[in-house]
Each structure stands twice: as C-alpha cells, then as structure tokens.
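K.L.:
Below is the structure I would like to discuss, written out as structure tokens.
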Amino acid sequence: MNQSNAQSKSAGRSLWADAWRQLRRNRLAMASFWIILLYLAMALYGEGVYWYFHWQDTTPPYQQTNLQEEYLRPSVFRHPFAADPGDDSSLLTDHHGSPAAPGLAARLRSGLRVLAHHPLGTDNLGRDVLQRTVQGARIAFQVGIITSCIAIPIGVFLGCLAGYFGGKTDDFIVWLYSTFSSIPGLLFIFAIAMVVGKGLLGVYLGIGLTTWVNLCRLMRGEVMKHKTRPYVQAARALGLGPFRIMFRHILPNIFHIIIITFSLRFPAAISTEVFMSFLGIGVQGEPSWGIMISNARLRLWQGVWWEMTFVTAAIFFVVLAFNLLGDALRDALDPRLRTSEH
Amino acid sequence: MYRYIIRRILQMIPTVFGVIVITFILFNIVGGSPATMTLGKNISPKALEEFDEQRGFNKPLLLGRWSATRAYQDTVFARNAGPWREIEGVVYVAGQRPEPGHIVMAPGKDYAVPLAFKLKKQTTYQWILKYRLISGTAVFRIIADDQPRGATGARPALPAAAEPEPQATVLPTNSAWQTIRIPFTVGSDPAVVKPTVSAAGGALEISALRLRRQNAHWFDSQFVFYLRQIARGDFGKSHYTNQRVAQMLKDGIMPSLALTVPIFLVELVVALSIALLCAFWRNSWLDRGIVVIAVALMSVNYLVWIIFGQYLLGYRWGFFPLWGFEAWSYLLLPVLIGVVSGLGATVRFYRTVMLDEMYRDYVRTALAKGVSRPGLLFRHVLKNAMIPILTNVVIAIPFLYAGSLLLEGFFGIPGLGNMGINALNYSDIDVVRAIVLIGSVLYVAANLMTDLCYALVDPRVRLE
C-alpha cells in the first residue's frame, strides 16, 4: 500500500513538474497567469477595503457621492487648476537647485500629489470609477471561487460515485445530470436566483448548483477508465474500501481535470454574474461590474464613455486571461490532447 | 430499428419527469407561495388566498388530507396575541420556559374568533386548539346562536351546565395543556359561520389555535395539480399581464424565432467557412491569427457587444434602426450582434472538430493516393466532420425558441426572451416555469432526434 502510494505520488509530481515546465515555456500563458494574479491582488485589496470600512462603520470611498465631481474625465495627472490646500508648489521645482532639499518621503508625497484623484474618472454621482472597478473585481472573484466551491465538490463526488459503483448508482446520477443539463442554463440560473431572492446568495446558488454537470460527466468517464487499471485492482486486492480507492488513489490521478475545469468555468461564472447584476437580480447595493455596466449604459449615450470602457476592459482582460490560461493548462496537463493538437 | 426508437423514447420519460420534479422542487417547495412577493404586503388575505387557489398553492405539497388556510393564520402566541390583539377582554401572557406564550380569556364573555374572510361553502374544516381550563366551563361554538344580543354583543354568562348546542363543543376542564380537534362542515351559507369561544366560571387559556381545511382527497396536492396542468397544456395565468401563459408563449415565439433563426444560420455558415479556412491553411499565420481572434472575441462580454453595437452602429453612425419590431430592417442589427458575439466560440469548436478529422489515417491515405487538398477537405473531411457538427447543430435548436434573453430586451423585440426577463423581474412564476419547462422538453426531444439520426446513419448504434 505504501509503495503504491509512493509510486502514484512520484508519478503525480513529475506530471505537475512537467506541466509547469510546459506552462513556463508558453509566454502567453505566463502573461495570463500574471494578469490573473494582478486581478487577484486587486480583489484582495478590495476585500480589505471593504472590511476596513465595514468595521469602521463609515461609507467606503467607492460609495461616497460627491456631486461636485460628477462626470470627471479620466486623467493621469491632476487638473492644473485644481486647488489643493496642502500643496507646496516649491517642492515641485526643487530639482532645479532649490537649497532646501526635501526628504525622500516629501518628494514622494509631492510626486503622488500631482497624480489625479480619479485616474479613471468619476460616474454620475461623482464616485471614483477605479475604486468601483476594484470592488467589482472583488465581487467577481468571490463569485468565481464560491460557485466553484459549490459546483466542483458536487461534480467530483457524484462523478466518482457514478463511475466507480456503476449499476443503479450510475443510472441515478446519469439521470440526475441529464435532467439538469436539459434545463436551459441561463434561465435555470435566473430561476434559482429568483426563488432564493435577489442578492449574492442567489448568484452563488444559481451558478453553483447548475454548473457541476460537465465536470460530473468528465469525472465519471475518467473514473470508469481508471477503475480497470492495475493499480486500482491492486488496491482492491489489498482490501481497501471503495471511498479510499476513489478519493485517495483514483482522484489524484485525474486531478488535472478539476484544475482545467476550474480555470475554464471561472470566466463563465464571472460573465454570468455580470449578466445577473446587470438585470438587477444579482448583487444589491455594492459596486459590481454588472451594476456598473447597467449604470454606465445610459450615460454612454450622453458621451460619458469612460466608465463603460474601463469596466468592459476590466472584464475583457480577466476573462481573456482565464480563457488563455485554461487552454494552456489543458494542453500542459492532458497529454492526450497535447499529442492531437498540432 | 423500431425497437431502438421505442427504447429511446422510453428513456426520455425519466428525464422529462426529472425536469418536472426539479421545476416543482424549485418553484413550489423552495420558492413557496409567491403570493406576498408578487402582490405586495398590504393585500387582504382573501386576495392572497384567491391567488393561491388559482395556482394550487393552498394545497399540501405531495400528499395530505388537511391544508392551512389564510382565513385564520396559525397562531402559537410566541411573541404576541396575533389577531387576538384587538379582541376586548383577551390578555396576552408571554411564554416563560415551561409555560408557552398564551392568551387568557376572562370568564363571562363571548369571544369571536377573528377570521380574515368567510370560509368556503360545502367544505369541511377543523380547528386544532391547545388550551388549559383550570376551572369552570368553556364552549367552542362554530355557529353563533341566534339569540338577540345586547348592544355590546355580550351575552349573559352561560350557566355552568349549558347543554351543548349543535356544532358547539364543550371543552373539558383540564389543568394541563391539552389539544382538542373540532371538525365542522360549512353548509350552503358561509355567512352564518362565526366561531366563538366563551368561558364561564374560570379563565380559558389558549396557547395555540390552528384552522385546517379538508381537501377533496389524499392526492389533492400541489404536485398533482401541477401534473394535471401540464397534461392539459395549461401553464397558468401570468399575474402581471393577466394573460394565459400559453397565449403569451404563442404570441412570443414568432418574434423570437425571427431573431434567433437568422443568427443561428448565419453564424453556422460563417463559422464553418472560417473553420474550413483554418483547416486548409492549418498552422499558418492565418490559422493562428484566427485562433487568437476567436479567443479574444469569446472573452468580450455579451452585454458589451450589445451596448457598444447599439450605441455605435445604431445611434452614433445610424446604420440601422435602433429599437422596435416593425420591419425586417429592425432585425439586422440584433442579428449582426448576435452573430458576432457567438462567433468566437463557434469557430473554435468547428476548427477543433475539423482538425481532429485532419489527423485521421484515412486523410493520410487519401493524401498519399494523390487526392487534391480542396477535394480532400470538402469531399472527405467535411463529410466525416458532419457528425459532431450535426450534433452541435441539433442540440442548439431547442435554445432558439427562447430567443435571446438580452438582445430582445435591448432592441424591443416582443419575444419570449424579453418576456422571460420581465417575468423574472416581476417574479412571475408561472411564466418563468413555463419557459423553463418547455425549453427542457424541447432539449430532450432534440437529443432524441440526434440519437435517431445517428442510428439511421450508423447501424452499430442500434445494437448497443
């Protein structure tokens, strides 16, 4: 038993190392990987900001309306005539040879002070588009991760059971997923969200409870294939229980499917959340990308292009990065696909 | 072959049943009665009850003889006296650990049970009463007696040994809490039913009171109601537009098809042509460029296509009419947007299918025998690739009926997608349920069609 474990482990390591090497060589995939990390950092920062102001019990800056600053155009540098009481203009010219050389911190502060408050502009209530976009990333990652935490365990568990036990169990699970898959996807999600009630919980449950089907089908097929492999037969001959064989022996060998599925369903979940929030059955009262789009949509016709553009760009890059990385992962982790793709 | 067809149709039944069960679980069990959600909070219980009656929500879920009625909402006096608040002489006592919360009725008075509306004719009901009567007597009357009343409505206290009138139940004295069931039948005139409680000699304490209505039979449940509705092809009535859902579906399907069928066909032709180009010049810069563009197109959100497309092409540059459903030209822009938004994924799929075929042995053989490349592509590869392509096409057909959820709303096309979104916004359960159900059944049917086509083409399938 120990030996079989050790063997499967060492084989697994080499597969992962091999896949990692493949990924490293793929420049597009690495760029996507870094973009995703950047978004993740944004989402974590957004989460921190959210909780900070939640504990402080004050209105977070991304919700503060400021009617003097509505519809500010995006600009990297502060407007030259914008008054700033704390600004000491002499600091800006010190490199011309001012005798009183300021410290590094002061220089940095003055440098930052030139930068605009709202690099991506403001919306109709004077709220900062950049901060709201960051909060949108937070919601998007929450949705992607939580729905995965719902859908992937269901898919893996049912798929393993169906594939391993076969017979009546298999019939039941196949019936279950063919039923789920025959219900039109988006409508099913919306209907669940409607029944659960507007809000993030509806989004999580709607997406999570409907998107396990594909993974379940894949897992079932793979487990069925692995069930007849010698290592599983050996484990069975050693008297191991079915659940131990399924989850300790077979699952590590087909784990790459879960990773590929995760990276490919993530962008789909994000897009669905955008739809739902846009239609008003998603996030309530917090800035999500869908809500920003639905706000910006009408302003677009008045020539306020920036909110719309930056939000759609934010969505585009994260979805693109996930799609590219997912494809690269599939090529790297699934050797059969690697040989057939040329 | 016939045996195969019959077997396949029989296999379809559990799936359709599954869909029915899932929609039932979703809308009836999880969702519960949408009456308060759709009608609002300040609606009389009678209107709510009628809403439920029409949709079968006042029945037990699966099986049962008795069901609750809104004429008298269950009261357990956990926090307050509930509907008894307004009745003079009733004192509320909050619960303290062993003692449940209850109301105390002082002796020597009649207390009319506060019913929200008249009960139904010719129906059997029962009261379930949990009470304590330490001393004295108490009577629960279903029909208030005809004796003339005083100005205040109070009658002199009953003598201790009042003989029970018809439909009156004497509550036995008991110092512990006990439950009693009082069944009664409403005659042809529901107006005379005025349940009253009266106590004499000692205070009556009530800790729970429930009213149950008897159903016609054990299977008179929501599920059976739903099944019968489906069997009749009746999908209920939209509470928002007040139209029959079947009629709404009939009205909405043509605009939806007018939008989705062109999208589907154009996209199919364009995507197949591009995929063939990719297969023909595989691994060239053209192929790689197309793949990158396809992934990029895929990553643009659907909303973005619609919003920017409508803004730029319709509003800014004025190439197309903006909004409405008056002439065929109104469909051009939505169709264009629909095609472009779906193109990325479709091209990628067909390209993979084509390339899978390109590396088969028979292709190599054909090449070795000197078949020209275009000939190979069109006569051999395309023909063999048709099986996965056809599967994809047939499976996509049922989704055409629902139209495009978002496109229709943006462009003012009165189709099923638009209807569905409105129904979601107004929590119009009957409409959403009908669209989900029909979509699923069509999908199952399309699956059956593909399998039958396979069986026609490939004899091996039949033997499986």
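K.L.:
Condition first: within 14 Å of chain A (Cβ to nearest Cβ) and not acidic (Asp, Glu). Can you find one or more residues in region B:325-339 that meet it? Break it down stepwise before answering.
P.N.:
At the first step, the residues of region B:325-339 found to be within 14 Å of chain A (Cβ to nearest Cβ) are none.
No, the conditions are met nowhere in region B:325-339.
K.L.:
Report the residue count in region B:185-232 for those that are in contact (Cβ under 8 Å) with a residue 60 or more places away in the chain and of a type in the set (Lys, Arg).
P.N.:
4
K.L.:
I would also like to ask the following. Of A:17, A:11, A:6, A:82, which residue is at pLDDT 70 or above and of a type in the set (Gly, Ala, Ser)?
P.N.:
Working: A:11 fails: at pLDDT 70 or above; A:6 fails: at pLDDT 70 or above; A:82 fails: at pLDDT 70 or above.
The conditions single out A:17.
K.L.:
OK, next. So is residue B:335 under 21 Å from residue B:272 (Cα atoms) and touching a residue at least 60 places away in the same chain (Cβ under 8 Å) or not? So that I can check it myself, show each step before the final result.
P.N.:
On the way: under 21 Å from residue B:272 (Cα atoms): yes; touching a residue at least 60 places away in the same chain (Cβ under 8 Å): yes.
When the stated conditions are applied, residue B:335 passes them.
K.L.:
Among the residues of region B:108-125 satisfying the criterion of being under 30 Å from residue B:136 (Cβ atoms) and over 31 Å from the mean Cα position of the chain (by Cα), which is surrounded by the fewest Cβ atoms within 10 Å (Cβ to Cβ)?
P.N.:
B:112
K.L.:
Continuing with the same structure: Quick check, is residue B:395 among the hydrophobic types (A, V, I, L, M, F, W, C), closer than 19 Å to residue A:183 by Cβ, at pLDDT 85 or above and out of contact with any Phe, Trp or Tyr (no Cβ under 7 Å at 6 or more places or on another chain)?
P.N.:
On the way: among the hydrophobic types (A, V, I, L, M, F, W, C): yes; closer than 19 Å to residue A:183 by Cβ: yes; at pLDDT 85 or above: no; out of contact with any Phe, Trp or Tyr (no Cβ under 7 Å at 6 or more places or on another chain): yes.
In short, no.
K.L.:
Grab the strands (runs of 3 or more DSSP E) fully contained in region B:1-113, keeping just those with 1 or more residues being of a type in the set (S, T, N, Q).
P.N.:
On the way: elements: B:66-68, B:90-93, B:102-105, B:109-112.
Those strands (runs of 3 or more DSSP E) span B:66-68.
K.L.:
Given B:275, B:271, B:279, which one is in contact (Cβ under 8 Å) with a residue 40 or more places away in the chain and within 13 Å of chain A (Cβ to nearest Cβ)?
P.N.:
Testing whether each residue is in contact (Cβ under 8 Å) with a residue 40 or more places away in the chain and within 13 Å of chain A (Cβ to nearest Cβ) leaves just B:279.
K.L.:
Let me ask something else. Yes or no: residue A:322 among the aromatic types (Phe, Trp, Tyr), closer than 24 Å to residue A:151 by Cβ and either in contact with a His (Cβ under 7 Å, 6 or more places away or on another chain) or within 11 Å of another protein chain (Cβ to nearest Cβ) (or both)?
P.N.:
Numbers: among the aromatic types (Phe, Trp, Tyr): yes; closer than 24 Å to residue A:151 by Cβ: yes; either in contact with a His (Cβ under 7 Å, 6 or more places away or on another chain) or within 11 Å of another protein chain (Cβ to nearest Cβ) (or both): yes.
Against the criterion (among the aromatic types (Phe, Trp, Tyr), closer than 24 Å to residue A:151 by Cβ and either in contact with a His (Cβ under 7 Å, 6 or more places away or on another chain) or within 11 Å of another protein chain (Cβ to nearest Cβ) (or both)), residue A:322 qualifies.
K.L.:
Could you check how many residues of region B:418-461 are charged (D, E, K, R) and more than 13 Å from chain A (Cβ to nearest Cβ)? Before you say what the answer is, go through the steps one by one.
P.N.:
Pass one, region B:418-461, residues charged (D, E, K, R): B:428, B:430, B:433, B:451, B:458, B:460.
Okay, now just the ones that are also more than 13 Å from chain A (Cβ to nearest Cβ), so B:458, B:460.
The qualifying residues number 2.
K.L.:
List every residue pair whose Cβ atoms sit under 6 Å apart, with the two residues 6 or more apart in sequence or on different chains, where the first one lies in region B:18-34 and is more than 8 Å from chain A (Cβ to nearest Cβ) and buried (at least 20 other Cβ atoms within 10 Å of the Cβ) and the second, anywhere, is of a type in the set (S, T, N, Q) and in a helix (DSSP H, G or I).
P.N.:
B:28/B:222
K.L.:
Here is a follow-up. So residue A:239 passes all but one of these: (1) farther than 22 Å from residue A:145 by Cα; (2) assigned to a helix (DSSP H, G or I). Which condition number does it fail?
P.N.:
(2) is the only condition that residue A:239 fails.
K.L.:
Now for a separate question. Can you report the number of residues in region B:309-329 which are in a helix (DSSP H, G or I) and surrounded by 19 or more Cβ atoms within 10 Å (Cβ to Cβ)? Step through it out loud before you land on a result.
P.N.:
Residues of region B:309-329 that are in a helix (DSSP H, G or I), as a first pass: B:309-316, B:328-329.
Narrowing the set further to residues that are surrounded by 19 or more Cβ atoms within 10 Å (Cβ to Cβ) leaves B:309-310, B:314.
So the answer is 3.
K.L.:
Let me ask something else about it. Are any residues in region B:308-321 within 13 Å of chain A (Cβ to nearest Cβ) and touching a residue at least 12 places away in the same chain (Cβ under 8 Å), and if so, which ones?
P.N.:
B:309, B:310, B:314
K.L.:
Now for a different question. Can you tell me how many residues within region B:184-230 are part of a strand (DSSP E or B) and either more than 27 Å from residue B:429 (Cβ to Cβ) or not polar (S, T, N, Q) (or both)? Steps first, please.
P.N.:
Going through region B:184-230, the residues part of a strand (DSSP E or B) turn out to be B:184-185, B:193-200, B:204-214.
Of the ones still in play, those that are also either more than 27 Å from residue B:429 (Cβ to Cβ) or not polar (S, T, N, Q) (or both) are B:184-185, B:193-200, B:204-213.
Selection size over region B:184-230: 20.
K.L.:
With the condition kept exactly as written, say whether any residue in region A:188-208 is among the basic types (Lys, Arg), within 14 Å of another protein chain (Cβ to nearest Cβ) and part of a helix (DSSP H, G or I).
P.N.:
Filtering region A:188-208 for residues among the basic types (Lys, Arg) gives A:198.
With the extra rule that they be within 14 Å of another protein chain (Cβ to nearest Cβ), the set shrinks to A:198.
Then drop every residue that is not part of a helix (DSSP H, G or I), which leaves none.
Checked against the condition, which is being among the basic types (Lys, Arg), within 14 Å of another protein chain (Cβ to nearest Cβ) and part of a helix (DSSP H, G or I), region A:188-208 yields no hits at all.
K.L.:
Tell me which of these residue B:415 doesn't satisfy, since it passes every other one: (1) farther than 20 Å from residue B:13 by Cβ; (2) at the interface with chain A (Cβ under 9 Å from one of its Cβ atoms); (3) more than 13 Å from the chain's Cα centre (by Cα).
P.N.:
Single failed check for residue B:415: (2).
K.L.:
Tell me, which residue of region B:176-226 that is aromatic (Phe, Trp, Tyr) and more than 24 Å from residue B:87 (Cβ to Cβ) is nearest to the chain's Cα centre (by Cα)?
P.N.:
Pass one, region B:176-226, residues aromatic (Phe, Trp, Tyr): B:177, B:184, B:218-219, B:223, B:225-226.
Now drop any that are not more than 24 Å from residue B:87 (Cβ to Cβ), which leaves B:218-219, B:223, B:225-226.
Numbers: B:218: 24, B:219: 21, B:223: 12, B:225: 14, B:226: 11 Å.
Restricting to residues being aromatic (Phe, Trp, Tyr) and more than 24 Å from residue B:87 (Cβ to Cβ), the top hit is B:226.
K.L.:
Shifting gears a bit: Does region A:253-283 hold any residues that are over 22 Å from residue A:39 (Cα atoms) and under 24 Å from the mean Cα position of the chain (by Cα), and which are they? Spell out how you get there, then give the answer.
P.N.:
As a first pass, look at region A:253-283 and keep what is over 22 Å from residue A:39 (Cα atoms): A:253-257, A:279-281.
Listed by number, the residues that qualify are A:254, A:255, A:256, A:257, A:279, A:280, A:281.
K.L.:
Would you please name the residue that is nearest to residue A:203 (Cα to Cα), looking only at residues in region A:272-298 that are modelled with pLDDT under 90 and more than 11 Å from chain B (Cβ to nearest Cβ)?
P.N.:
Ranking the candidates gives A:282 first.
K.L.:
Could you count how many residues in region B:233-253 are free of Cβ contacts under 8 Å to residues at least 12 places away in the same chain and not in a loop (DSSP other than H, G, I, E, B)?
P.N.:
3
K.L.:
Separate question: Which numbered condition in (1) under 24 Å from residue A:200 (Cα atoms); (2) surrounded by 21 or more Cβ atoms within 10 Å (Cβ to Cβ) is the only one that residue A:324 fails?
P.N.:
Result: residue A:324 fails condition (1) only.
K.L.:
Do the conditions hold for residue A:244, that is, is it over 18 Å from residue A:140 (Cα atoms) and either assigned to a loop (DSSP other than H, G, I, E, B) or within 12 Å of chain B (Cβ to nearest Cβ) (or both)?
P.N.:
Details: over 18 Å from residue A:140 (Cα atoms): yes; either assigned to a loop (DSSP other than H, G, I, E, B) or within 12 Å of chain B (Cβ to nearest Cβ) (or both): no.
Criteria not met by residue A:244.
K.L.:
Hey, can you tell me all the residues within region A:144-169 that are within 14 Å of another protein chain (Cβ to nearest Cβ) and either touching a residue at least 40 places away in the same chain (Cβ under 8 Å) or outside any helix (DSSP H, G or I) (or both)? Even if it seems obvious, please write down each step before you answer.
P.N.:
Our first condition is that a residue be within 14 Å of another protein chain (Cβ to nearest Cβ); within region A:144-169, this holds for A:168.
Listed by number, the list is empty, since nothing qualifies.
The values are calculated or read from the model by the stated rules, or taken from the named source; none is laboratory data. These numbers come from a predicted model, not from an experiment. For neighbour counting, all protein chains shown are included, and Cβ atoms are generated from backbone atoms with ideal geometry for every residue, glycine included.
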